[in-house]
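Engineer: Can you keep this structure in mind? I'll have questions shortly.
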């Protein structure tokens, strides 16, 4: 490969809007590795639902643009379930990953990863930047929250590995993220550069456990986050830090190290004009995700090799790792996948296994047959009303059910329900408190069934919530 081809092989670009042809031409001209699909690239109908055939056609055009090599191009997406889901209905809506932590069921995580990935494969994707292997520290974590499987490092490790295995079983390449751990910093790297003040021993004991587990399980890709870790390299984002990549490789990892999106504020303003791309590669990254300007990043990498700022050997190593991973993926063949919505029953099963009672009765109805609802978004209230009807509950009178989202005020009313991370229940004066970890139809069905006394709540808190320790929940047989 020429230097220009090698530089393209380590860049995974994004595009804005739906001009697929223009983006495909950029991929062809710069020999780029493929593309990631973001929310504004997804073809939708007037009601906002994904148009599966159109999405498949987009991916086929982008795959063709990065063809011509003995391995397939990357067609990637961020589809974790819950908050981070670029593709909505009619694809299955999955609850937040914290649901698996509440359910405490590795097999369920693996089955769900496979089902989610099968629908992606049906649309022509071959890579998903999931799962989130971060260990959340609780309410001081402003970014990850319910994207984390658990506040327990061992649980986060086992469940993220199982979810990764499910993705791989359906032919989708997973990526454990965000090393060295975004769940225990107090700033959002989309907005600024968080600082992780923990020492190496603390990181080893907590944040790094899921990533070690991912490496030991053979997960092919690990994403580095834009987090400064003074114990490794003060003031430098981990995604651009040689010491960070060294720590990751010390785990025995020989797969692809991919940066978090390089157009995020933690790096974009600090390292303009393609600097971030060159610095990340020099530090040890293999795949550069979403540089703000792909052409500028490509030119900067080629120029850095020409000037000796970036060694040919380092670029070769990165390009070979990406090519090897995709060649291996190509040998798996193109799975047929399953049609959109095929995982709906399993998604409902996850939520039914996760719903958690922090305060209130564990047996029998929690409401007298009728309820009122406040809080949440209009769609949340509509889904709740529909689920209540299916459970035999009337709307408009009776106890007040207050729906609270991530980062929202403490739950009020007679029954406070956390829809995402359960931190909002810590200061809630409501006598009954539940967490459902999702805003899907299945999550609301699980909630309504518990309220009506038609089901028990088997979930256990995967993280402490105020005075409620991790593990709080109704006893199970």
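The values are calculated or read from the model by the stated rules, or taken from the named source; none is laboratory data. Quick caveat: nothing in here was measured; it's all calculated off a predicted structure. Glycine gets a Cβ as well: all are built from the backbone with ideal geometry, and neighbour counts include every protein chain shown.
Engineer: Within segment 81-99, is there a residue that is assigned to a helix (DSSP H, G or I) and at pLDDT 95 or above?
Structural biologist: Looking for residues that are assigned to a helix (DSSP H, G or I) and at pLDDT 95 or above, one finds at least one in segment 81-99, hence yes.
Engineer: Regarding segment 210-224, can at least one residue be identified that is modelled with pLDDT of 95 or more, in contact with a helix residue (DSSP H, G or I) (Cβ under 9 Å, 6 or more places away or on another chain), on the phi > 0 side of the Ramachandran plot and surrounded by fewer than 20 Cβ atoms within 10 Å (Cβ to Cβ)?
Structural biologist: Taking every residue of segment 210-224 in turn, at least one turns out to be modelled with pLDDT of 95 or more, in contact with a helix residue (DSSP H, G or I) (Cβ under 9 Å, 6 or more places away or on another chain), on the phi > 0 side of the Ramachandran plot and surrounded by fewer than 20 Cβ atoms within 10 Å (Cβ to Cβ).
Engineer: Scanning for something touching a helix residue (DSSP H, G or I) at 6+ places or on another chain (Cβ under 7 Å) and either part of a loop (DSSP other than H, G, I, E, B) or over 25 Å from residue 461 (Cβ atoms) (or both), does segment 194-202 turn up at least one residue?
Structural biologist: There is no residue in segment 194-202 that is touching a helix residue (DSSP H, G or I) at 6+ places or on another chain (Cβ under 7 Å) and either part of a loop (DSSP other than H, G, I, E, B) or over 25 Å from residue 461 (Cβ atoms) (or both).
Engineer: Inspect all residues belonging to segment 261-273 and state whether any of them is modelled with pLDDT of 95 or more, buried (at least 24 other Cβ atoms within 10 Å of the Cβ) and in the same structural domain as residue 215 (by TED's automatic domain parsing).
Structural biologist: yes
Engineer: I've got another one for you. Consider segment 339-383. How many of its residues are under 30 Å from residue 122 (Cβ atoms) and in contact (Cβ under 8 Å) with a residue 24 or more places away in the chain?
Structural biologist: Result for segment 339-383: 20.
Engineer: For segment 442-477, which positions are buried (at least 18 other Cβ atoms within 10 Å of the Cβ) and closer than 14 Å to residue 104 by Cα?
Structural biologist: 457, 458, 459, 460, 461, 462, 463, 472, 473, 474
Engineer: Only one residue in 399, 339 is in contact with a helix residue (DSSP H, G or I) (Cβ under 8 Å, 6 or more places away or on another chain) and farther than 30 Å from residue 1 by Cβ, so which one is that?
Structural biologist: 339
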